[in-house]
């Protein structure tokens with residue numbers, strides 16, 4: 001016969017367990033959709049001409065950022081900043097060469113590492129691009145599961161592909177029906193379905209819209225009247241990505257988790273227009289430049305029931321803000337020892353804080369550099385002159401009227417601010433270098449598929 005003390009102890013343990021489970025249940029799930037090489041002027045919510053209703057719904061049901069930035073104009077550097085909440089130049093992750101030669105510094109903690117300590121199940125589905133070598137792979141960087149490619153890849157017969165449910169070794173994909181965007185959506189939905197009573201984090205970095213331009217016939221058939229073949233394939237890829245986002249959003253709704261899921265959508269950098277047709281208008285520049293077209297990106301967030309829908313937020317924010325925002329939403333606390341550069345955006349989006357999240361933002365990419373302070377931006381671009389240019393972005397979003405000669409005092413002020421910040425940064429871990437021969441190239445025609453190839457961008 002159980003003693004009253006024993007029964008009381010069991011009841012207390014049960015209550016504690018129930019309380020812990022209830023606390024976990026209140027932690028929001030988190031989804032980060034990261035598209036690749038997609039320009040400022042794409043997507044419906046940015047005024048684009050390709051229908052993207054699912055992606056647009058994130059902005060409609062949440063907040064569209066008109067001045068959303070990334071900390072690097074290239075694939076891997078932006079990912080390093082996103083994963084850590086820190087300027088990637090602080091730890092030498094300045095170029096894509098870091099991902100090829102090594103990976104995200106093992107001294108840095110990722111957003112997945114942080115969320116695991118808060119009780120989250122974590123998965124990365126898509127393009128990793130933060131280290132191909134074994135110590136840097138995603139399942140050693142806080143992710144319970146990984147399904148995708150370690151670096152750039154064709155969309156058909158992807159290279160460097162890993163499914164950790166099968167093996168942690170690179171697998172060869174022979175399936176003629178395998179199209180990365182579609183398969184990533186299927187896997188993402190499966191991950192969400194499997195999570196019961198535990199908060200989860202899904203990091204979904206697409207390889208769309210990166211070169212090579214490739215799409216199945218079913219998506220190409222949606223754009224029969226587009227006479228520009230490259231643009232038609234680009235549109236088909238966008239449509240596939242929108243479908244994938246839609247499948248994930250539908251599964252979140254199906255699970256009754258829509259008001260308990262914080263969702264971000266953004267691009268990793270501006271579009272490489274010449275390679276893929278991706279437009280950055282009216283911004284100047286493109287992927288790999290520190291002009292606005294390289295670092296200002298489509299950016300939206302949704303958290304129904306918590307963030308008022310239909311907002312347009314006009315102050316500058318950056319992808320470094322995602323990590324501290326997520327940690328705050330999950331009930332965690334940012335330790336000053338983490339030395340984050342991002343800030344928690346929730347007070348700004350909830351109307352509790354009216355100041356700007358950032359007065360100053362910085363970029364360094366080899367000989368190119370930029371600083372935005374208030375509405376003024378100093379930039380040394382890719383034109384080879386090495387001369388600093390000065391623009392007032394409030395009146396000149398296209399960076400067309402150089403004010404350097406007219407306002408030398410403002411130029412000097414920004415030069416001084418940049419020099420102070422730059423003194424805190426580490427030298428590049430590896431020099432900038434082009435992608436390896438053949439990287440990112442697609443294969444030929446496949447059975448029953450309509451495909452196209454475009455010259456791969458070296459990023």
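The values are calculated or read from the model by the stated rules, or taken from the named source; none is laboratory data. Given the structure is predicted, the values throughout are model-derived calculations rather than measurements. Neighbour counts are summed over all protein chains in view; Cβ atoms, including those assigned to glycine, are modelled from backbone coordinates with ideal geometry.
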- Matching entry among 446, 440 (being outside any helix (DSSP H, G or I), surrounded by 16 or more Cβ atoms within 10 Å (Cβ to Cβ), modelled with pLDDT under 95 and in contact with a strand residue (DSSP E or B) (Cβ under 9 Å, 6 or more places away or on another chain)): 446
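Test residue 367 against the criterion of being touching a helix residue (DSSP H, G or I) at 6+ places or on another chain (Cβ under 8 Å) and free of Cβ contacts under 8 Å to residues at least 24 places away in the same chain, and give yes or no.
It is false that residue 367 is touching a helix residue (DSSP H, G or I) at 6+ places or on another chain (Cβ under 8 Å) and free of Cβ contacts under 8 Å to residues at least 24 places away in the same chain.
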- Task: Go through the residues of segment 43-63 one by one and say whether even a single one is modelled with pLDDT of 95 or more and part of a strand (DSSP E or B).
- Result: yes
- Having 3 or more residues that are under 19 Å from residue 62 (Cα atoms) is the bar; report the helices (runs of 4 or more DSSP H) wholly within segment 312-423 that clear it. 322-329, 346-349
- Item | Evaluation of residue 106 against (1) part of a loop (DSSP other than H, G, I, E, B); (2) touching a strand residue (DSSP E or B) at 6+ places or on another chain (Cβ under 8 Å) (one fails), failing number | (2)
- Message: Looking at the structure I just gave you, is residue 222 over 26 Å from residue 97 (Cα atoms), part of a loop (DSSP other than H, G, I, E, B) and at pLDDT 95 or above?
- Response: yes
- Message: For segment 112-149, give me the residue count where each residue is free of Cβ contacts under 8 Å to residues at least 40 places away in the same chain and surrounded by 24 or more Cβ atoms within 10 Å (Cβ to Cβ).
- Response: 3
- Message: I'd like the full set of residues that are out of contact with any helix residue (DSSP H, G or I) (no Cβ under 8 Å at 6 or more places or on another chain) and either under 21 Å from residue 79 (Cα atoms) or not assigned by TED's automatic domain parsing to the domain that holds residue 205 (or both), limited to segment 252-270.
- Response: 267
